[in-house]
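Working notes, structure below.
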Amino acid sequence: MESLLAISLGPVQDFIATARRTRDLYAGSRLLSEAAGKAAEVLAERLGPERLIFPAPKAKEELAKLGQAGIPNVLLARVPEGLDPGALAEVALGAAREYLKEKAKELFTREGRRAYVNLEVALDQVGDLLEGYYAHLPLQGDYPQARERVMALLGARKNTRDFRPVSWGSPAYKSSLDGARESVLLLPESRAEALRVRLRLGLREGEYLSGPDLLKRWWEAEGGFVSTIHMAALPFWEGVRKAGKEGLFRKGLEDLARLAGEEAKGNTRHPALRDTPFWEWDVRLLYESRLEEFPALGEDPRRLEEARGRLRRLLGELGLGSPGSYYALLHADGDRMGEAIDRQKTPEAHRELSRALALDFAAQVRELVQGRGGGLVYSGGDDVLALLPLHRALETAWALARRFQEVMARFGEGEGKPSLSVGLAVVHHLEPLQDALDLARKAERLAKEGPEGIPEDKKRNALGVAYSPRSGSELLVRGRWDETPRLTQRLLRYADLLRAGEVPSRAAHELRELLAWRKGLSEEALVAEALRILGRKAMEKKYRQELSDWIQNARDVERLAQELILARPLAEALDQAGIPVESREVWDAH
């Protein structure tokens, strides 16, 4: 009798999210996907690709195509009678672990690195990194029931994880990223010499990294990966391009690069930066506060002041203000996927769902994100993480949700159809990456679960947006994708009204102050006071009425205040990018 085998690889979120740079974030996701791909290759070789259920290649060669989108961290396969599922799982997990160790050894022993790494400890740490668990049972009778049982067994096995003593304990500094593993760096005692070594190794001063940390830092993404400051600056470049001032802009950057020296050369060859000046020059040249980070400027006050003067003249000549400071981090996750899988009555039907999810959605996500100037961190199955320029963030969120709904529509019925809940975090490019990730996940949870007390049928299928201003309190808003108009469209509309000067920005803050001091006010009185606040603002009657129509109860007052505040940074990005106001084409894209 054949068996159903489930294998889980991890830790997923902890390894990926332990990152100080976007490159670390991207590398963590790719390394786990590639390790899972090696495990899937073993299963395809030993069983035949047709016996893999998730992922579901038609041929072994197709695993490479599936891997470009991202191999999921949970594998599911049918094992024929006569083969030991447990032994096969051990071989597959061994292949995944060995891949990571070999990759680490190759990176750690390159010229210029070997002398500064405690290789034995670093490789032991990498070898211990991957957690692998598996469960199997006879596949007889009802497939959905067997799948449910094997996944329950897998969950129980993960909860009774192995705790082996580490072999590398030492008084060395702990990792700066996760504080769990010891640093494996061997640096000179001289502070000046240690700093020079750190620069050569791509490390910051005071940064201590473990073996897994270095594996991510030195893993080579083809062309590198975009940074948060790239995303923040892209609306500015779009505005320069639309204003026809590319020549003036490039000349200014050339002058700044000449002053900043070799460090000013761009080294990121990401598709989002193609045809932009940031392909050639470091984007930090556009930010006065970052100029001193270039050694040639930071060590020469006179040269630094000259660079600052040249940057000010450039920005004045362009007439677009200063480059933006905010970008968006998107985290999305599928809804009702468990229910959709449960409806697949045979392994073959489940394979069909797996292929649709991988090839028709996950494999298309990169184009949807990069085509809008973003950087895709990962798209494993129904899970997406991406960095986006603020002027295209809402549009991208809706494009992903719409694509997911189209692909998965045939695998559900009515309210049970799979949908995509999306979280967007609007954050300053200098905000710690870990904080930005936490905020994006918080927004995604709000989208999926809704506010406290929400009816079950109003959960999921939504967008949550979190805004963390550099000064001021964090706020979150939510809207379902089936609302009319959608949250993306409402925010666009409010941004357009702010850009056109039709709504005073103070109106939102006065509504928020009203909510803070609402104690003792009935809901009727609160709504009346909110309408009075709007009524005394200098607005055309039609715009005042448009906003007033949104207010029917206390929750509407809060929503309008929050959405108007959130619309401000969006308005600034749209304005800087030269996006037309009240464009039907832009409205439809949102």
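Take the alpha carbon atoms of segment 389-436, find their radius of gyration, then divide it by 2.2 N^0.38 Å using N residues; give the quotient.
1.53
Give me the compactness ratio for segment 268-412, meaning the Cα radius of gyration over 2.2 N^0.38 Å.
1.50
Please give me the summed charge of the neighbours of LEU514: other residues whose Cβ is under 12 Å from its Cβ, Lys and Arg +1, Asp and Glu -1.
Once all neighbours under 12 Å are counted, the net charge is 0.
Ranked highest first by average number of other Cβ atoms within 10 Å, how do 528-541, 40-53, 324-337 line up?
Result, highest mean Cβ count within 10 Å first: 324-337, 40-53, 528-541.
What are the extents of the Cα atoms of segment 430-549 along their three principal axes, in Å, largest first?
42, 37, 31
Please give, to one decimal in nm, the separation of the simple spin-label points placed at GLU524 and LYS158, each 7 Å out from Cα toward the Cβ.
Going from the GLU524 label point to the LYS158 one covers 5.3 nm.
Could you check the spin-label model distance between ARG343 and MET1? Points 7 Å from the Cα along Cα→Cβ, value in nm.
Each label point is offset 7 Å from its Cα along the Cβ direction, giving 3.0 nm.
From the Cα trace of segment 73-118, what convex hull volume per residue do you get, rounded to a whole Å³?
91 Å³
What is the gain in length, in nm to one decimal, between VAL581 and GLU352 on full extension, counting 0.36 nm per residue of separation less the C-alpha to C-alpha distance?
Residue separation times 0.36 nm, minus the Cα-Cα distance, leaves 78.1 nm.
Starting from the amide H of GLU131, placed 1.01 Å from N in the peptide plane, find each other amide H under 5 Å away whose residue is 5 or more places distant or on another chain.
Counting only residues 5 or more places away or on other chains, the set is GLY10.
Treating only the Cβ of Lys, Arg, Asp and Glu as charged (+1, +1, -1, -1), what charge dipole size does the chain show about its Cα centre? Round to the nearest 20 debye.
The dipole magnitude comes to about 860 debye.
Just the number please: accessible area per residue for segment 365-465, 1.4 Å probe, all protein chains included, in Å².
Result: 35 Å² of accessible area for each residue.
When the accessible area of segment 216-338 is computed with all protein chains present and a 1.4 Å probe, what percentage of it is carbon and sulfur?
Accessible surface attributable to carbon and sulfur in segment 216-338 totals 44 percent.
Let me know the volume per residue of the alpha-carbon convex hull for the chain, in Å³.
180 Å³
For ASN267 and ARG568, what does the FRET efficiency come to when R0 = 30 Å and r is the distance between their Cβ atoms, rounded to the nearest 0.05?
Given R0 = 30 Å and the Cβ-Cβ separation, E is 0.35.
Please work out how much length the chain gains when fully extended from GLN434 to SER170, using 0.36 nm per residue of separation minus the C-alpha to C-alpha distance, in nm with one decimal.
92.4 nm
How large is the direction-averaged shadow of the alpha-carbon convex hull of segment 1-108, in nm²?
Averaging across all directions leaves 6.9 nm² for the Cα convex hull.
First check a/c for segment 136-257, with a ≥ b ≥ c the square roots of the eigenvalues of its C-alpha gyration tensor; if it is under 1.5, answer rounded, and if not, answer prolate when a/b is larger than b/c or oblate otherwise.
oblate
Report the calculated FRET efficiency for GLU415 and ARG555 (r = Cβ-Cβ distance, R0 = 25 Å), to the nearest 0.05.
0.60
Is the C-alpha gyration tensor of segment 106-192 telling us rounded, prolate or oblate? Criteria: a/c under 1.5 is rounded; beyond that, a/b larger than b/c is prolate, otherwise oblate.
Prolate, since a/c reaches 1.5 and a/b exceeds b/c.
Taking +1 at the Cβ of each Lys and Arg and -1 at the Cβ of each Asp and Glu, which of ILE565, GLY48, SER175 sits farthest along the dipole of the chain towards its positive end, judged by Cα position relative to the Cα centre?
With unit charges placed on the Cβ atoms, the residue in question is ILE565.
Once label points are set 7 Å from the Cα along Cα→Cβ at both ALA194 and ARG403, what is their separation, rounded to one decimal in nm?
So the label points at ALA194 and ARG403 sit 4.6 nm apart.
Return the subset of LYS60/LYS105; LYS65/LYS345; LYS242/LYS541; LYS65/LYS459; LYS38/LYS459 for which the Cα-Cα distance in this structure is over 29 Å, preserving the input order.
In this structure, LYS242/LYS541; LYS65/LYS459; LYS38/LYS459 lie more than 29 Å apart at Cα.
Projected area of segment 329-456, taken from the Cα convex hull and averaged over every viewing direction, in nm²?
Reported value for the Cα convex hull: 8.3 nm².
Report, in whole Å, the centroid distance computed from the Cα atoms of segment 160-204 and segment 218-254.
Between the Cα centres of segment 160-204 and segment 218-254 lies a distance of 34 Å.
Specify the inter-centroid distance of segment 36-112 and segment 143-157, based on alpha-carbon positions, in whole Å.
If we compute the Cα centre of each part, the gap is 21 Å.
As an exercise, take the mean of 1/r over every pair of distinct alpha carbons in segment 25-81, invert it, and state the Kirkwood radius in angstroms.
Computed over segment 25-81, the radius equals 11.3 Å.
Full-extension gain between ALA115 and ASP300, please, as 0.36 nm times their residue separation minus the C-alpha to C-alpha distance.
The span from ALA115 to ASP300 would gain 63.4 nm if fully extended.
Radius of gyration and Dmax for segment 393-470's Cα atoms, expressed in Å?
Reported Rg and Dmax, both Å: 14.1, 44.
Might you report the magnitude of the Cβ-based charge dipole of segment 378-434 about its Cα centre, with Lys and Arg at +1 and Asp and Glu at -1, to the nearest 20 debye?
160 debye
Would you work out the Kirkwood radius for segment 58-150? I mean one over the mean of 1/r across all pairs of different Cα atoms, in Å.
Result for segment 58-150 stands at 16.3 Å.
Check each of the GluC sites (Glu not before Pro) in segment 271-341 and keep only those in coil by DSSP with at most 10 other C-beta atoms within 10 angstrom; list them in order.
Here the sparse-neighbourhood loop sites are GLU299.
Convert each backbone phi in segment 243-260 into a coupling constant with the Karplus relation 6.51 cos²θ - 1.76 cosθ + 1.60 (shift: θ = phi - 60°), then list the ³J(HN,Hα) values in order as whole Hz, x for Gly and Pro.
7, x, 10, 4, x, 4, 5, 5, 5, x, 5, 4, 5, 5, 5, 5, 6, 7
Compare the Cα positions of GLY67, VAL503, ILE341 along the charge dipole of the chain (+1 at Cβ of Lys, Arg; -1 at Cβ of Asp, Glu; about the Cα centre) and return the one farthest towards the positive end.
VAL503
Apply 1/(1 + (r/R0)^6) to the Cβ-Cβ distance of LEU83 and GLU367, taking R0 = 30 Å, and write down the FRET efficiency to the nearest 0.05.
0.15
The values are calculated or read from the model by the stated rules, or taken from the named source; none is laboratory data. Since the model is a prediction, treat every value here as computed from it, not as a measurement. All Cβ positions, glycine included, derive from the backbone under ideal geometry; neighbour counts span all protein chains shown. Surface areas here come from the heavy atoms of the whole protein model, side chains and all, with no ligands, DNA or RNA. Shrake-Rupley method; radii C 1.70, N 1.55, O 1.52, S 1.80 Å.
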